Amino acid sequence: MRVRAARGAITVATDEAATLLDATARLLSAVLDGNEIQTEDLVSILFTATEDLRSAFPAEAARRMGLGLVPLMCAREISVDGSMPRVVRILLHFHSERALDEVAHVYLDGAESLRDDLD
């Protein structure tokens, strides 16, 4: 097995804790399902949020999903003029037999435009 990483992002409708955590859980579930990742295959997950999201830590969604033993970290996304607002991004490291070109990256709810190079 090799260590692989999957990226993902989702826009959050409003900066309310329940909305942010629901969106993060949906994104995380889509990345896990899309790559057929089991909890024991996870190495770590890095979450970033744009500066306009302050109501909750995105990693809390992972803990609520039962991933509390996985190393989780949150950080603020760098602020760039004209960048998309209210975005949670993830970088998920995991063990897998997948080739690099078989890793599924997930962009939801308008965040698809962040990576027009991906299907």
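With of a type outside the set (V, I, T) and touching a Gly at 6+ places or on another chain (Cβ under 9 Å) as the only criterion, which of L67, L46, L108 stands out?
Sole residue among the options that is of a type outside the set (V, I, T) and touching a Gly at 6+ places or on another chain (Cβ under 9 Å): L108.
For segment 33-80, give me each residue that is part of a helix (DSSP H, G or I) and either touching a residue at least 12 places away in the same chain (Cβ under 8 Å) or among the basic types (K, R) (or both). Can you show your working first?
Initial filter on segment 33-80 (part of a helix (DSSP H, G or I)): 33-34, 39-41, 59-64.
Within segment 33-80, G34, T39, D41, A59, E60, A61, A62, R63, R64 qualify.
Restricting to segment 86-115, name every residue that is in contact (Cβ under 8 Å) with a residue 60 or more places away in the chain, of a type outside the set (K, R), open to solvent by less than 70 Å² (accessible area, probe 1.4 Å) and outside any strand (DSSP E or B).
Correct list: V103, A104, H105, G110, A111, L114.
Of the numbered conditions (1) closer than 19 Å to L114 by Cβ; (2) modelled with pLDDT of 95 or more, S83 satisfies every one except a single condition; which is it?
(2)
Counting only residues that are open to solvent by 30 Å² or more (accessible area, probe 1.4 Å) and either more than 15 Å from V3 (Cα to Cα) or touching a Leu at 6+ places or on another chain (Cβ under 7 Å) (or both), how many does segment 31-43 have?
3
Do we have S55 as open to solvent by less than 50 Å² (accessible area, probe 1.4 Å), hydroxyl-bearing (S, T, Y), modelled with pLDDT of 95 or more and more than 13 Å from the chain's Cα centre (by Cα) here?
The answer is yes for S55.
Among the residues of segment 65-85, how many are in contact with a Leu (Cβ under 8 Å, 6 or more places away or on another chain) and surrounded by fewer than 14 Cβ atoms within 10 Å (Cβ to Cβ)?
Here the count works out to 2.
Exactly one condition in (1) assigned to a helix (DSSP H, G or I); (2) free of Cβ contacts under 8 Å to residues at least 40 places away in the same chain; (3) open to solvent by 20 Å² or more (accessible area, probe 1.4 Å) is not met by A25; state its number.
Among (1) assigned to a helix (DSSP H, G or I); (2) free of Cβ contacts under 8 Å to residues at least 40 places away in the same chain; (3) open to solvent by 20 Å² or more (accessible area, probe 1.4 Å), A25 violates only (2).
The values are calculated or read from the model by the stated rules, or taken from the named source; none is laboratory data. Source: prediction; values computed, not measured. Cβ sites come from the backbone with ideal geometry, for glycine too, and all protein chains shown count toward neighbours. Please note that ligands, DNA and RNA were not included when accessible areas were found on the heavy atoms of the full protein model with its side chains. Shrake-Rupley method; radii C 1.70, N 1.55, O 1.52, S 1.80 Å.
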